[in-house]
1. Suppose we filter the range 28-56 for residues that are open to solvent by 70 Å² or more (accessible area, probe 1.4 Å) and part of a loop (DSSP other than H, G, I, E, B); how many remain?
2. Looking at the structure I just gave you, is ASP82 touching a Ser or Thr at 6+ places or on another chain (Cβ under 6 Å) and of a type outside the set (Phe, Trp, Tyr)?
3. Determine, yes or no, whether LYS99 is exposed (fewer than 13 other Cβ atoms within 10 Å of the Cβ) and out of contact with any Phe, Trp or Tyr (no Cβ under 8 Å at 6 or more places or on another chain).
4. Any residue in the range 106-134 that is surrounded by 10 or more Cβ atoms within 10 Å (Cβ to Cβ) sitting within a Cβ distance under 7 Å of a residue that is aromatic (Phe, Trp, Tyr) and not in a strand (DSSP E or B)? List the pairs, counting only those 6 or more apart or interchain.
5. Counting only residues that are farther than 23 Å from ILE5 by Cβ and of a type outside the set (Gly, Ala, Ser), how many does the range 38-67 have?
6. Consider only pairs whose beta carbons are under 9 Å apart and that are at least six residues apart or on different chains; among these, list those whose first residue lies in the range 137-150 and is free of Cβ contacts under 8 Å to residues at least 60 places away in the same chain and more than 20 Å from ILE166 (Cβ to Cβ) and whose second residue is open to solvent by 60 Å² or more (accessible area, probe 1.4 Å) and of a type in the set (Lys, Arg).
7. Restricting the search to the range 49-66, which residues are in contact (Cβ under 8 Å) with a residue 24 or more places away in the chain and within 13 Å of VAL36 (Cα to Cα)?
8. From the list LYS77, LYS59, pick out the single residue that is open to solvent by less than 60 Å² (accessible area, probe 1.4 Å) and over 13 Å from the mean Cα position of the chain (by Cα).
Amino acid sequence: MKQTISVAYKVYNEIDFLPLSVEQVDKLADEFVFVVDDRTDDGMLEWLRERAKNDERYKIYVRKFDTHVGQKNYLLKQCTKDWVLFLDGDEVLGDEDWKVIRLAIELKEYNIFTLEGIHFLYSLKVIDTALPTHLWQGRLVRRTEELHFKGENHELIAGWKQQHRILKEVTVYHLGYVRQLIRILRKYEEDMMIQQIHTPEFLNTWKDWH
């Protein structure tokens, strides 16, 4: 029987990156589960609700923030499929990574996987190389009653015993640190649209280059 998977997000003001993040796992997800911080005010919640009108896979829960661990445990409880892939709203997978994940869960050799990641700093030309590899432990897990999260600033997954595997064929691209660049790009576009100095062709070339 085909294994099913929930793609689960704990999100707050992620309109800059969430549409791309969702697009990259759309072919993988049997359901999307979103726990939205009730302070969200950047249009992300409206975007999600509009998507949900035409896609029954979308489950959206608005919750008052208490702690990151509290939000994550609530998120886990709303997932109903065999497996859960946890992503943040500013994290994006590679184009073919969903296929690797699908194969990994169908093989049923492990119940928990750690994913490797890359942090981009300020611009996409600067990468955090403080460590040879950044690891996100337990981001892909078989859902069980024992699973839960603990910790303070960062949520740590607990309640599993089997040795995990690093799924090296999958890369998580963390874009959250380039928010300022996104804002600069948008401000530049807005400014250029109200002046007559540059042609539309020039503006498109500039945007594509960035």
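The values are calculated or read from the model by the stated rules, or taken from the named source; none is laboratory data. Predicted model, so just to flag it, every value in this text is computed and none were measured. Every residue, glycine as well, gets a Cβ built from its backbone with ideal geometry; the counts of neighbours run over all protein chains shown. Heavy atoms of the whole protein, side chains included, go into the accessibility calculation; ligands, DNA and RNA do not. Shrake-Rupley method; radii C 1.70, N 1.55, O 1.52, S 1.80 Å.
1. 6
2. yes
3. Taking the combined requirement at face value, the residue does not satisfy it.
4. ASN111/TRP160; ILE112/TRP160; HIS119/TYR177; PHE120/TYR177; LEU121/TYR177; TYR122/TYR177
5. Residues in the range 38-67 being farther than 23 Å from ILE5 by Cβ and of a type outside the set (Gly, Ala, Ser): 13 in total.
6. GLU146/LYS161
7. Scanning the range 49-66 gives TYR58, LYS59, ILE60, TYR61, VAL62, ARG63, LYS64, PHE65.
8. Just one listed residue meets the conditions, LYS59.
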